[in-house]
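Structure record follows, encoded as structure tokens.
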Amino acid sequence: MNSLRSMRLAVQEPSATSLLIAREERAMFAGAWDRLSNVDHAFMDMLYVQQVAPEDIASALNISINTVYSRSSKIRSKLAALIDQQQSPGSNRRAHERRTARSMRMLPRVNESTHSAPVAP
């Protein structure tokens with residue numbers, strides 16, 4: 001029983017390397033986030049922090065639902081580009097792509113399956 005518990009604890013404990021990578025990724029994301037405009041901050045806050053449905057954002061901002069999705073995609077791309085700019089020039093391409101992919105996973109994609117309006121019977 002104790003060995004099972006110690007194995008669970010060992011699995012749950014992150015390595016020093018993974019903690020360092022996570023810290024660096026958060027710092028890169030924060031640096032990129034700080035460079036976004038206040039309008040982009042407000043939009044992403046509504047969508048991801050407050051979890052306002054895209055339909056409600058479209059209605060509140062008097063824009064189409066497609067504009068909500070495309071604006072989210074453009075801001076995510078802008079964040080990725082800003083994170084790319086922070087990458088050290090000496091790093092290899094594969095490591096760079098993995099870091100960028102991990103950073104982008106911090107913000108989930110918005111799609112109709114995660115934010116859908118109720119369907120009328």
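Give the calculated FRET efficiency between residue 65 and residue 30 to the nearest 0.05, with a Förster radius of 41 Å applied to their Cβ-Cβ distance. With R0 = 41 Å, the Cβ-Cβ based efficiency is 0.85.
Residues 48, 69 in ascending order of nearby Cβ atoms (within 10 Å, fewest first): 48, 69.
Size descriptors for the range 19-73: radius of gyration and Dmax over Cα atoms are 13.6, 43 Å. Here the label points at residue 23 and residue 78, each 7 Å from Cα along the C-beta direction, are separated by 3.0 nm in the simple model.
Using R0 = 35 Å, the C-beta based FRET efficiency linking residue 16 and residue 86 works out to 0.95.
Read-outs throughout are calculated quantities, based only on the coordinates presented, and are distinct from any laboratory measurement. Just so it is clear, the model here is predicted, and its values are computed rather than measured. Note that each Cβ is placed from the backbone with ideal geometry, even for glycine, and that neighbours are counted across all protein chains shown.
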